[in-house]
Amino acid sequence: MRTAPDQPSHERTSSPAPTAGARTTPLTALSRVPWDEIQDSTGNAAAIPLLLNSVAWGDPETAGAALVDLRRRICQYGFVVEQATAATVPFLWELAQLPQVTCRAEIIQLLRSIAGARQWESTAAVYPKLLNHRENPVVWERQARQAVRAKSGALKSLMADDDTEIAHATTELARALDE
């Protein structure tokens, strides 16, 4: 039986707190990002949560295909970032650290591409009027690189991963962040 809103309830309404060291469910913060209000290379970025979930939970083929689509949307051609890129980066870091994710090395390579992206800055150096646009892609690029750097504390454990492909990709990402 439910109690009235102004009376205390004796029913348990929340799940128990996770024990120390327990991992929470991946991608729980996806709903905190206003994906339908930001843009990726295709337009509205509302599809990004579905793609991230496909990477997280999909079999190797599904996860790989979703990551290819995600890359096209947030780091087109491997060097052109979009407005949605910075918002996506923390989720990529999260997925890169989850052993059940089947394309971790490719995720780390995507993070490396984002960390090295300088397309908009290079264009603005030649065409400074780009900086006067309402939607400033130079700012997106800088925010995306900052987002990659903000989670770089995970580099050490990823470099020590037993999977040599992951360790190598992480070493390359670390070098890109040192540049």
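The values are calculated or read from the model by the stated rules, or taken from the named source; none is laboratory data. Please read these numbers as outputs of a predicted model, since none were measured by experiment. No Cβ is skipped: glycine too gets one built from the backbone with ideal geometry, and neighbour counts run over all protein chains shown. These area figures cover heavy atoms from the full protein model, side chains too; ligands, DNA and RNA do not enter into them. Shrake-Rupley method; radii C 1.70, N 1.55, O 1.52, S 1.80 Å.
The selection criterion, being among the acidic types (D, E) and at pLDDT 95 or above, does not hold for E82.
For I108, the criteria (1) over 17 Å from T88 (Cα atoms); (2) open to solvent by less than 60 Å² (accessible area, probe 1.4 Å) hold in every case but one, which is (1).
Only residues that are at pLDDT below 95 and part of a loop (DSSP other than H, G, I, E, B) were counted in segment 101-144, giving 7.
Taking the stated definitions as given, is L173 open to solvent by less than 70 Å² (accessible area, probe 1.4 Å), under 25 Å from T62 (Cα atoms) and in contact with a strand residue (DSSP E or B) (Cβ under 9 Å, 6 or more places away or on another chain)? Taking the combined requirement at face value, the residue does not satisfy it. D163 satisfies every condition listed in (1) open to solvent by 20 Å² or more (accessible area, probe 1.4 Å); (2) under 15 Å from the mean Cα position of the chain (by Cα); (3) closer than 22 Å to E61 by Cβ except (2).
For V55, indicate whether it is in contact (Cβ under 8 Å) with a residue 60 or more places away in the chain, of a type in the set (V, I, T), closer than 28 Å to A167 by Cβ and part of a helix (DSSP H, G or I). The answer is no for V55.
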